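Input: a single structure, listed below in structure tokens.
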Amino acid sequence: MAETLVVLGARNLGGAIVEHFLGLGWNVAAVARSEETLEGVRGRGALALPADASDPDALTEALTTARLELGSLDAVVNAVSASRPPTSGPFGGGDLAAADLAAFRGWTVAPAEQAFVFLSAGALALQQDRGGALVQITGGSARRAMPGKGLWAAGAFATRALVQAAAQELRSEGIHVALLAVDATIESPKTAAYTRDQPREALADMNQIASAVAFLVNQGARALTHELVVTPAGERWVP
């Protein structure tokens with residue numbers, strides 16, 4: 001029986017992950033809120049699960065449905081863009097002295113909360129079977145903070161901390177938890193407007209990121225990677 005992957009978020013990077021795993025022969029389901037995204041999931045040949053991935057009960061129900069419909073649950077990947085910035089203000093939250101609580105909640109709290117819901121619901125779901133993998137995708141801000149983007153980095157730092165805790169807590173149960181940090185802007189329709197003048201070598205490729213997810217998901221118990229950072233050759237790499 002084919003293994004089953006559930007992807008949270010399926011519009012851009014999540015969609016590429018869905019396609020990649022379908023090509024590998026996996027059963028695939030994807031969680032999304034918009035009907036447009038869900039229709040795209042169905043068009044790819046995957047199971048569409050309408051749910052809010054930030055709602056613990058809704059996500060738990062979606063994961064249960066995936067197991068019942070597809071026969072197993074072997075891996076869950078969080079590709080949701082979870083930040084919820086306020087309607088105005090600079091990208092990343094701006095300088096701390098000028099930021100307000102709305103910016104903090106949107107740039108910091110929302111991503112951390114999404115990661116918690118994913119790890120908590122995902123762990124409970126995989127504990128019902130024989131284990132599996134949980135892969136949280138984040139950005140380079142999980143590695144360092146930059147001026148004017150401290151709120152964004154704080155959410156990414158919190159996400160990394162939650163993954164580290166989950167990885168240690170769940171190793172003995174056969175659940176592999178990993179953080180995949182994409183330290184660059186991802187080339188996609190979402191970013192096309194402001195990356196058109198950048199060389200492609202400086203932008204992360206969604207298909208190659210999907211391959212990195214597959215690498216993590218398919219690792220054996222004797223060589224587990226809990227943090228993987230990918231950086232395009234044209235982007236500055238910082239040790």
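The values are calculated or read from the model by the stated rules, or taken from the named source; none is laboratory data. Only a predicted model underlies this, so the values are computations on that prediction, with no experimental measurement involved. Note that each Cβ is placed from the backbone with ideal geometry, even for glycine, and that neighbours are counted across all protein chains shown. Side chains are part of the model used for accessible areas, which takes the heavy atoms of the whole protein and leaves out ligands, DNA and RNA. Shrake-Rupley method; radii C 1.70, N 1.55, O 1.52, S 1.80 Å.
Table for the structure above
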item: Residue selected from region 56-83 under the condition of a type in the set (Asp, Glu) and open to solvent by 40 Å² or more (accessible area, probe 1.4 Å), by the criterion farthest from residue 105 (Cα to Cα); result: 69
item: Test result for residue 125, open to solvent by 10 Å² or more (accessible area, probe 1.4 Å), touching a helix residue (DSSP H, G or I) at 6+ places or on another chain (Cβ under 6 Å) and part of a helix (DSSP H, G or I); result: no
item: Top-ranked residue in region 202-239 [being more than 22 Å from residue 163 (Cβ to Cβ) and acidic (Asp, Glu); ranked as least open to solvent (accessible area, probe 1.4 Å)]; result: 205
item: Qualifying residue in region 107-121 (condition: modelled with pLDDT under 95, part of a helix (DSSP H, G or I) and touching a Leu at 6+ places or on another chain (Cβ under 7 Å)); result: no
item: Residue 151 out of contact with any strand residue (DSSP E or B) (no Cβ under 8 Å at 6 or more places or on another chain) and more than 19 Å from residue 12 (Cα to Cα); result: yes
item: Matching residues, region 202-221, being in contact (Cβ under 8 Å) with a residue 24 or more places away in the chain and over 18 Å from residue 140 (Cβ atoms); result: 207, 210, 211, 214, 217, 219, 221
item: Single condition residue 131 does not satisfy, out of (1) at positive phi; (2) within 21 Å of the chain's Cα centre (by Cα); (3) open to solvent by 10 Å² or more (accessible area, probe 1.4 Å); result: (3)
item: Residue in region 3-23 that is under 28 Å from residue 204 (Cα atoms) and surrounded by fewer than 16 Cβ atoms within 10 Å (Cβ to Cβ) present; result: yes
item: Neighbours by Cβ (under 6 Å, 6+ apart or cross-chain): first from region 135-149, touching a residue at least 24 places away in the same chain (Cβ under 8 Å); second of a type in the set (Asp, Glu) and open to solvent by less than 20 Å² (accessible area, probe 1.4 Å); result: 140/183
item: Hits in region 39-55 (condition: open to solvent by 20 Å² or more (accessible area, probe 1.4 Å) and either under 19 Å from the mean Cα position of the chain (by Cα) or among the hydrophobic types (A, V, I, L, M, F, W, C) (or both)); result: 40, 47, 50, 52, 54, 55
item: Entirely in region 4-106, the strands (runs of 3 or more DSSP E) that have 1 or more residues that are touching a residue at least 60 places away in the same chain (Cβ under 8 Å) and of a type outside the set (A, V, I, L, M); result: 4-8, 75-78
item: Answer residue from region 173-201, given it is of a type in the set (D, E, K, R) and free of Cβ contacts under 8 Å to residues at least 24 places away in the same chain and is most open to solvent (accessible area, probe 1.4 Å) among those; result: 196
